[in-house]
Amino acid sequence: MDTAYLSALAALAGSAVGGLTSLTASLLMQRAQFNAQQRTHYISRRGDLYKDFTEEASNTFADAIEHDVANASKLVRLYALVSWMRVLSSQAVIDEADRVMKRIVETYQSPNKSLRDLVAHDRESDVLDPLRDFSNACRDELRMQEVSPKDR
């Protein structure tokens, strides 16, 4: 074989290897960026869901303290948010959301109270903060998702 051909083949092979290396690196970088965007979107979506639930549950809990007749539309909205959590969230978050729902229903069934009654009743309990455990579970889940994503 002629050295000119050998030299040309070596140059073509080097170009091919360089091109494939560049293409592979580009594809891997795009995949990593896509996964990061997808993870960020997923975390943001759950954060919005938790925010909506917290706001609705707070308002509904306040209504339950003051009234003994449940506001069905508010409860349905809360149950819908919990159903979405069943799709997107960890079991710990779902369990805490269920506890909040149970607490709200129990509060509707109990006698109406004023803020003074609540504070006097039990200063050390979570009477005035029924969402504390739910919020902690959400924070833990979102932090864990940021630190150790599933697709690594």
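Here, each number is a calculation from the coordinates, and none is a lab measurement. Just so it is clear, the model here is predicted, and its values are computed rather than measured. All Cβ positions, glycine included, derive from the backbone under ideal geometry; neighbour counts span all protein chains shown.
A few remarks follow.
- Percentage, to the nearest whole number, of Cα pairs in region 19-72 over 18 Å apart: 61
- Segment residue 136..residue 31, full-extension length gain: 34.6 nm, with 0.36 nm per residue of separation and the alpha-carbon distance subtracted.
- When the chain is described by a simple charge dipole with +1 on each Lys and Arg Cβ and -1 on each Asp and Glu Cβ, the residue from 89, 79, 23 located farthest towards its positive end is 23.
- Residue-count net charge about residue 93 - beta-carbon cut-off 12 Å; Lys, Arg +1, Asp, Glu -1: -2
- Global geometry of region 49-109, whether rounded, prolate or oblate, following the gyration tensor of its Cα atoms and the 1.5 cut on a/c: prolate
- Dipole of the chain computed with +1 at Lys/Arg Cβ and -1 at Asp/Glu Cβ about the Cα centre; of 101, 37, 67, farthest Cα towards the positive end is 37.
- Summing charges over neighbours of residue 59, with a neighbour being any other residue whose Cβ is under 15 Å away from its Cβ, gives -2 when K and R count +1 and D and E count -1.
- With contacts taken as Cα pairs under 8 Å at a separation of at least 6 residues, the chain carries a relative contact order of 26 percent.
- Near residue 111, once Lys and Arg are set to +1 and Asp and Glu to -1 for all other residues with Cβ below 12 Å from its Cβ, the sum equals -3.
- Choice from 54, 24, 107 showing the highest fluctuation, given a GNM over the chain with Cα pairs closer than 10 Å: 24
- Only helices reaching 20 angstrom along their own axis (Cα) with mean Kyte-Doolittle hydropathy no lower than 0.0 count here, and for the DSSP H runs of the chain these are 72-88.
- Interatomic Cα distance distribution for region 44-147, bins of 5 angstrom, percent: 2, 13, 23, 23, 17, 12, 7, 3, 1
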